[in-house]
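Here the structure comes first, spelled out in structure tokens, and everything after it is commentary.
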Amino acid sequence: MSVDGWEVEHCAVATRAAYQLENVALAVAACRLLLGTLHGDAVRAAVAGTVVPGRLQVIAERPLTLADGAHNPDGVRALVASLDPLHLSEPRVLVLSVLADKDVATMVELLASRFATVVCTQSSEPRALSASALAAAVHRSAPAAEVCCESEPATALAAGRRLAGSSGTVLVSGSLYLLADLSGELSGRSPTVY
């Protein structure tokens, strides 16, 4: 990792999210600015041990289950930029909930076309778009995708994992409230350091 001309060799991070690599670089630069001298071993240990839940977090391996709280078009763009190089296995299933006051059309357009199946759900947040209204938006933006509705997030996640099979990929996204609703189902796995 190179930050402002300062090199830290063999610096591993606990995510494959490209946007988090930028955040790590900014954090290291800020620490360097505030503290002056940094020790490479300390930086490597801190970076490798830092996990941000819900940011391209690997939840399970079979099927590969990822959680990312991207909840606006910019966040979804950053997520998509991180997903594309991963060559995720098929079938790909998206478990999606979006708040009604977000730019739903843009978010769905950016995400849904990358998945064979979209399981629409709704978080417990009162501002959440209903699963059926979200399904209608997915139908408009990604007509080739199979669309299912499961109003309960835990049921939606179970359906997504079943539809992906053991060799597919599930992405849970669109709302931090959705990730909070699924916190019990999404916890309990140690991070992988890349």
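The values are calculated or read from the model by the stated rules, or taken from the named source; none is laboratory data. Here the structure is a predicted model, which means the values were calculated and not measured. Using ideal geometry, Cβ is built from the backbone for each residue, glycine included, and neighbour counts are taken over all protein chains shown.
Below, the figures for the structure above:
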{"quantity": "Odd one out for V51 among (1) at pLDDT below 85; (2) over 19 Å from L182 (Cα atoms)", "calculated": "(2)"}
{"quantity": "Among the candidates V95, V76, V80, V47, residue that is in contact (Cβ under 8 Å) with a residue 24 or more places away in the chain, under 21 Å from the mean Cα position of the chain (by Cα) and not in a helix (DSSP H, G or I)", "calculated": "V95"}
{"quantity": "Of all residues making up region 140-164, the number that are loosely packed, with under 15 Cβ neighbours inside 10 Å, in a helix (DSSP H, G or I) and free of Cβ contacts under 8 Å to residues at least 12 places away in the same chain", "calculated": "1"}
{"quantity": "Some residue of region 8-16 being basic (K, R) and over 19 Å from L182 (Cβ atoms)", "calculated": "yes"}
{"quantity": "Subset of region 81-93 [at pLDDT 95 or above and of a type in the set (A, V, I, L, M)]", "calculated": "V93"}
{"quantity": "Scope region 123-139; condition surrounded by fewer than 18 Cβ atoms within 10 Å (Cβ to Cβ) and not in a helix (DSSP H, G or I); matching residues", "calculated": "S124, E125, P126, R127, S130"}
{"quantity": "Of the criteria (1) in contact (Cβ under 8 Å) with a residue 24 or more places away in the chain; (2) part of a loop (DSSP other than H, G, I, E, B); (3) not assigned by TED's automatic domain parsing to the domain that holds A156; (4) not aromatic (F, W, Y), which one V24 fails", "calculated": "(2)"}
{"quantity": "Scope region 99-122; condition part of a strand (DSSP E or B) and either surrounded by fewer than 17 Cβ atoms within 10 Å (Cβ to Cβ) or among the polar types (S, T, N, Q) (or both); matching residues", "calculated": "T117"}
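To keep it simple, each residue is scored yes or no on (1) outside the structural domain of L66 (by TED's automatic domain parsing); (2) modelled with pLDDT of 95 or more; (3) in contact with a Lys or Arg (Cβ under 6 Å, 6 or more places away or on another chain).
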| site | (1), (2), (3) |
| --- | --- |
| T106 | no, yes, no |
| V119 | no, yes, no |
| S124 | no, yes, no |
| A142 | no, no, no |
| L178 | no, yes, no |
| D181 | no, yes, no |
| V193 | yes, no, no |
